[in-house]
Amino acid sequence: MDRAIHRTIIIKNHLLQPNSDQILTTNACLSYSPPELNEVYDFDLKEMRKLLDGHNLQERDWLFNLMVQSKLFNPRKRGEKVYVAPDYNQTMEQQREMTMKRISYLLERNVFEGWLTAKGAEAELRKLALLEVTGIFDHSLAIKIGVHFFLWGGAIQFFGTQRHHEKWLRDTENYVVLGCFAMTELGHGSNVRGIETVTTYDANTGEFIINTPCESAQKYWIGGAANHATHTIVFSQLEINGKNQGVHAFICQIRDAAGNICPNIRIADCGHKIGLNGVDNGRIWFDNVRIPRENLLNSVADVSPDGQYLSSIKDPDQRFAAFMAPLTSGRVIIAGSSVYKAKIGLAIAIRYSLSRRAFSITPNGPEVLLLDYPSHQRRLLPLLAKTYAASCAANYLKMMYVNRTPQSNKTIHVVSSAFKAILTWHNMRTLQECREACGGQGLKTENHVGHLKGEFDVQLTFEGDNNVLMQQVSKALLAEYLAAQKRNRPLQGLGLEHMNKPCPVIPSQLTSSILRTTQFQMDAFCLRERDLLSRFVMKVSQHQAEGQSKDYALMLSYQLAEDLGRAFSDRAMLQTFIDTEATISSGSLKNVLGLLRSLYALTCLEEDAAFLRYGYLSTDNASAVRNEVQKLCSEIRPHALALVSSFGIPDAFLGPIAFDWIDANTWSSVQ
């Protein structure tokens, strides 16, 4: 009984004011305060957006407006704002049909005009810009369009010759034919050389015969194949007179104009996926399908009417490389789109953190904005800085691609492999952190950040598994290094010229002013890259000296290969950031870019264990880097709203929690 009385007294004291009969007063209800009322804009947002988007801003805004105006893009009102996003409550079949209806809407409004028939860098940049905008609305829409234009259409452009261009390109641009791209098989993805589909030639009829010889040879994950595509590019081993001439590409019709599957073609659906359910991924079997001889895409090799194999490239390795070179467009597109999704996640999470409060740090004081907590800044602002760096890298890659020459193909392959991997990894990490930073609201599909993880997870493996791409990058660096040694000449190309200079020396004591210089940052990145490349060369050579084959030696050295791939990617990305910063005259815009560049560079130093593992940084210097990162976060904090507003993404394409999340969740909004 004494204990019960004691507990009653405690509860009474909780409920009553000390020495008073009055009950504690409740706090006033929360109200939304737009961050624009309190945040400052120290630089020109339009100029910053020009840097980030890089090109075709007017065309981008035109397409944003086209989508907002149509009910096909599922406008819905939440509070006082209207948002557009796909309805993910629809069935897989409904989502696929909506994707096609949206494509028809865009086609009628000339969005795709010149995508395959116009020539030059300007036309290609317009195409890339508009594709990026469709991806901001919906990944499925962008992928469906991308497969049709960049994979099917791109294969005809680059693998085909004039006869193919005249017959197929304009009909593709106008969606008279609907194309897909059948490379991946059940048994082979990254290893394209190992695909098992076989094509032979019948000289009596002048036809190729395409066959799926076993179940592992079925074409798999073919976007557009399950429902809509009428034609496909088939990648197949070509056997002529009993000799395998390697992988070649063929045009094959798989449906008639009425949508009926063609004879000797079997198609099955890949089924429901964790994302991209607006794309009809399918599986294809070819049962001795006959196609005209002219359907071989023959820019690299041809077969004469009497069955003779013809190619100016005699070496099979070089011939295969020539086939693969044009496919870099996929990696260029993926790298760019991943940056925009990271922007969406950060725009939503940072805007939310500038209006959502939690806990007070003084008695009876106001609750603190989430982004005013140093821990919250540490979660989001380094990712914001890297997204700015990623924008510079993606723009550099696009410009390299649209201005490509035969001499630059190898460089584009290496850089696109590196940036595709590093930027898609960054996107997924950013979306995960933004999801968590939004708490429970991050789980709602309408707020985007959580759902986008499932939609974009595929980017880590399609158009090349990221870990495989990192190893490809390292193999290319190894080849450049060994070739320079063999010629006894300096390294040239892929940004490796720094290795011809004396090895950088890191100061024994790093001050704040040193840490923020481009000289120190680039020295640290170059030191890591050159040392890892030297270690990689030594490791591979050591395994070969022990009797291992070169391929097996490379496989055994995979850890160094992946570390080197990341080091190359980070250094190349930092260089693009420095080059972009150099285009800006002194002023507030340049100052904030300098803060972002330093935060990006120092975060890389802090996060990569190689800097400590191999002694590039002492433990004291590593601590100095860590402290400087926190200082930079606090200095960038006042610019946070301006930095995400500079992304140029219209409000309608963000989630409700980016704005008045109380109004968006009122009872009246339910009604």
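So the values come out like this:
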read-out: Rough spin-label spacing in nm, given labels placed 7 Å along Cα→Cβ, for Leu186 and Thr362; value: 6.9 nm
read-out: Estimated distance in nm for a label pair at Gln58 and Thr8, the labels positioned 7 Å out from Cα along Cα-to-Cβ; value: 8.1 nm
read-out: Estimated vicinal HN-Hα couplings, Hz - segment 485-501 in sequence order (Karplus 6.51, -1.76, 1.60; Gly, Pro = x); value: 5, 5, 7, 6, 10, x, 5, 8, x, 6, x, 8, 4, 4, 6, 7, 8
read-out: In order through segment 73-88: 3J(HN,Hα) via Karplus (6.51 cos²θ - 1.76 cosθ + 1.60), integer Hz, x for Gly, Pro; value: 9, 6, x, 9, 8, 10, x, 9, 10, 10, 10, 10, 5, x, 8, 7
read-out: J(HN,Hα) series, segment 301-306, from Karplus relation 6.51 cos²θ - 1.76 cosθ + 1.60, nearest Hz, glycine and proline x; value: 8, 9, 10, 6, x, 8
read-out: Segment 218-294-segment 494-556 distance, computed between alpha-carbon centres (Å); value: 44 Å
read-out: Of all DSSP beta bridges in the chain, antiparallel share, percent nearest 5; value: 85 percent
read-out: Estimated distance in nm for a label pair at Lys46 and Cys262, the labels positioned 7 Å out from Cα along Cα-to-Cβ; value: 5.2 nm
read-out: Segment 137-175 versus segment 589-658: alpha-carbon centroid distance in Å; value: 39 Å
read-out: Ordering of 141-148, 166-173, 632-639 by packing [mean C-beta count within 10 Å, highest first]; value: 141-148, 632-639, 166-173
read-out: Cα Rg, Dmax, segment 452-579, angstrom units; value: 16.7, 50
read-out: Surface/4 estimate of mean projected area, convex hull on alpha-carbon atoms of segment 277-401, nm²; value: 13.9 nm²
read-out: Under 5 Å, built H, 5+ apart or other chain: amide partners of Glu185; value: Tyr220
read-out: Cα-based radius of gyration of segment 148-292 once divided by 2.2 N^0.38 Å, which approximates compact folds; value: 1.00
read-out: For segment 115-224, accessible area per residue (1.4 Å probe, heavy atoms of protein chains only), Å²; value: 35 Å²
read-out: Net lengthening on full extension, Lys77/Cys29 (0.36 nm per residue, minus Cα-Cα); value: 14.9 nm
read-out: The chain - percent of accessible surface contributed by carbon and sulfur, probe 1.4 Å; value: 51 percent
read-out: Segment 436-475 - Rg over Rh from alpha carbon coordinates, Kirkwood radius; value: 1.24
read-out: Packing rank of 574-586, 393-405, 37-49, where each peptide gets the mean count of other beta carbons within 10 Å, highest leading; value: 393-405, 574-586, 37-49
read-out: 5 angstrom amide H check on Gly223, placed H, neighbours 5+ away; value: Phe181, Gly282
read-out: Most to least packed among 599-607, 75-83, 428-436, 482-490 [average Cβ atoms within 10 Å]; value: 599-607, 428-436, 75-83, 482-490
read-out: Chain lengthening between Asn403 and Asp372 when straightened (0.36 nm per residue, less Cα-Cα); value: 6.7 nm
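The values are calculated or read from the model by the stated rules, or taken from the named source; none is laboratory data. Please read all numbers here as calculations on a predicted model, not as lab measurements. Note: ideal-geometry Cβ built from the backbone for every residue, glycine included; neighbour counts use all protein chains shown. When the accessible area is computed, the model is the full protein with side chains, heavy atoms only, and any ligands, DNA or RNA have been set aside. Shrake-Rupley method; radii C 1.70, N 1.55, O 1.52, S 1.80 Å.
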